[in-house]
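The values are calculated or read from the model by the stated rules, or taken from the named source; none is laboratory data. Since this is a predicted model, take the numbers as computed values, not measurements. Glycine also receives a Cβ, built like all others from the backbone with ideal geometry; neighbour counts cover every protein chain displayed. What goes into the accessible areas is simple: the full protein's heavy atoms, side chains included, and nothing from ligands, DNA or RNA. Shrake-Rupley method; radii C 1.70, N 1.55, O 1.52, S 1.80 Å.
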Amino acid sequence: MFVKVDVRVEKLRKCLPGANCGACGFSSCDAYAEALAAGEAKTNLCLPAGEEGYSHINEILGVSGEGLAKMTAVVQCLGNSSTMKDKMEYDGIKTCFAVKQLFGGEGACTFGCLGYGDCVYVCPSDAICVEDNLARINPRKCTGCAVCVKACPVDVIMIQAEPVPIAVMCKNTEKGGVLKNKCSKGCIGCMKCVKVCKTGAITVSESLASIDYKLCNGCRECVDVCIAQCIV
């Protein structure tokens, strides 16, 4: 009844921070540890683990590694005061978490940035600011630690390997006709980007385009055809 277990998985798991942020491309730290032990993942994908964690991972696996990957955060939203309509006037605690509890926020789109800067307060690198009700991240300062991802109550921040060639700046999955009445910069799922992408890097699910960065070559053809101009 003995089940053979790779003892390295537990050792690798202890090298990881346990944030389950997804920045490495895996669903959890456990999944990443298992992939490392199986030789199915690079050792430099967990930036929150830092140089010490990275060194321990290489030591356990007996490899030299390629150096820590540079990661950066991206706020996938263009819904500022001029592009997104308001549905109410909020007068309460000035945090994203608080305003989210009241009908999903002030803006008509409940998928977008709430603009009260919970991410700003937790960023250890001073890489985030809020301009015109919209959070923006300075990639020169961002370390990809993913603390802002956990602080965002609407899951509008992604962590991606730098440089990020193209990004869909929208997370709304509502039908295009509904979304257009809420935000002028939201993805309407028109499929034009899918049709022009020669590498098959773009797919549309639930009226929202997404990019597979393993396939994207940064040709920008999707940017040129995007009706809503939400691919930048």
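Please specify each residue of segment 22-44 satisfying the condition of being in contact with a helix residue (DSSP H, G or I) (Cβ under 6 Å, 6 or more places away or on another chain) and either over 19 Å from VAL147 (Cα atoms) or small (Gly, Ala, Ser) (or both). Listed by number, the residues that qualify are ALA33, GLU34, LEU36, ALA37, ALA41, THR43.
So which residues in segment 32-78 are in a helix (DSSP H, G or I) and acidic (Asp, Glu)?
GLU34, GLU51, GLU52, GLU59 - these are the residues of segment 32-78 that are in a helix (DSSP H, G or I) and acidic (Asp, Glu).
Which numbered condition in (1) free of Cβ contacts under 8 Å to residues at least 24 places away in the same chain; (2) over 15 Å from CYS15 (Cα atoms); (3) β-branched (Val, Ile, Thr); (4) in contact with a Gly (Cβ under 6 Å, 6 or more places away or on another chain) is the only one that THR43 fails? With respect to (1) free of Cβ contacts under 8 Å to residues at least 24 places away in the same chain; (2) over 15 Å from CYS15 (Cα atoms); (3) β-branched (Val, Ile, Thr); (4) in contact with a Gly (Cβ under 6 Å, 6 or more places away or on another chain), THR43 is out only on (2). Can you find a residue in segment 77-85 that is free of Cβ contacts under 8 Å to residues at least 24 places away in the same chain and of a type outside the set (Val, Ile, Thr)? Looking for residues that are free of Cβ contacts under 8 Å to residues at least 24 places away in the same chain and of a type outside the set (Val, Ile, Thr), one finds none in segment 77-85, hence no.
Residues of segment 82-94 that are open to solvent by less than 40 Å² (accessible area, probe 1.4 Å) and over 16 Å from PHE111 (Cα atoms): TYR90, GLY92. Go through the residues of segment 68-75 one by one and say whether even a single one is touching a helix residue (DSSP H, G or I) at 6+ places or on another chain (Cβ under 7 Å), closer than 24 Å to VAL147 by Cα and open to solvent by 40 Å² or more (accessible area, probe 1.4 Å). Checked against the condition, which is being touching a helix residue (DSSP H, G or I) at 6+ places or on another chain (Cβ under 7 Å), closer than 24 Å to VAL147 by Cα and open to solvent by 40 Å² or more (accessible area, probe 1.4 Å), segment 68-75 yields at least one hit.
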